[in-house]
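A short worksheet on the structure shown next.
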Amino acid sequence: MKNYFKPAVFFFSLWPIYIITYQLFYNQLGPEPVDRIINHFGEWTLIFILLTLSMTPLKKITSSLEWIKFRRMLGLFAFFYASIHMLSYVGLDYRFDFEPLIDDVLKKKFIFIGFSAWLLLIPLAITSSDKMVRILKKNWKKLHRLIYLISIFGVLHFIWLSKTIFFKPLIFLIILIVLLLFRINFRKFNLS
Ligand code: HEM
């Protein structure tokens, strides 16, 4: 039975693609389809980052190692959706015109921090394989702690672009704080 978990998580992780394909096919993207696509993948990127961060707390709470098996896949999906999110902004919004785009990255702090989060995800995706875990040894863990910074950048990006914390950004912020508190507590009591 357990052998089916990984493929099941993989197919469920494709949910954002099913939704957007359905909405595209049935003309349900609304009056601003480009914004809809960008926001859709932005939100799912954040969801997958938080899901990735949830695996260790879930391992502790349930005393089951099973959760850790999904962590890499969820993290790679976060990178996948972040890249689609970024590419839809660059390709659909700016039609790959890089000059105004660079201007945006430098002038709008929410774009700057979103872009930084995406850049920081790249080394994590590249070093996600078992081979890289062996090569990097202790440094692998240190490098992958970047996910905490990335998650903070992701939430800040959402708060700044929304111009208000109410309500969706606040929900993401609360979930992030809870997940980060888990790490702090476990480290402090030497349980991780
Ligand atoms: C880890 C990386 C990132 C995360 C977690 C993230 C997350 C999000 C979220 C949650 C939204 C709002 C969705 C909603 O309103 O429902 C959003 C919107 C947006 N993001 Fe990102 N993002 C990331 C990277 C980027 C990058 C690299 C860019 C561009 C270079 C970018 C540009 C935008 C833009 C333009 C919007 C729409 C803003 C608007 O509605 O005016 N994001 N993102």
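The table below gives the values:
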read-out: Top of Phe166, Phe182, Phe77 by mean-square fluctuation, Gaussian network on the chain, Cα under 10 Å; value: Phe166
read-out: Binned Cα-Cα distances of the range 42-112, short to long, each 10 Å bin given as a whole percent; value: 20, 35, 24, 15, 7, 0
read-out: Over the chain, relative contact order from alpha-carbon pairs under 8 Å, at least 6 apart, %; value: 20
read-out: Stokes-Einstein translational diffusion, the chain - Kirkwood Rh over all Cα pairs, 0.890 mPa s, 25 °C, in µm²/s; value: 137
read-out: Among Ser162, Ser151, Ser129, residue whose mean-square fluctuation peaks in a GNM of the chain (springs only between Cα atoms under 10 Å); value: Ser129
read-out: Most mobile of Gly114, Gly30, Gly42 in a GNM of the chain (Cα contacts under 10 Å); value: Gly30
read-out: Between the range 146-181 and the range 102-128, the alpha-carbon center distance in angstrom; value: 15
read-out: Computed E for Asn3/Glu32 - FRET, C-beta separation, R0 45 angstrom, nearest 0.05; value: 0.55
read-out: Set of lysines with alpha-carbon distance to Lys142 below 19 Å, sequence-local pairs under 8 removed; value: Lys131, Lys188
read-out: Cα point-scatterer Debye curve for the range 1-59, base-10 log of I(q)/I(0) at q = 0.28 Å⁻¹; value: -1.15
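FYI, it's all coordinate maths here, none of it is from the lab. It should be emphasised that the depicted structure is a prediction, and the values quoted were computed from it without experimental measurement. Note that each Cβ is placed from the backbone with ideal geometry, even for glycine, and that neighbours are counted across all protein chains shown.
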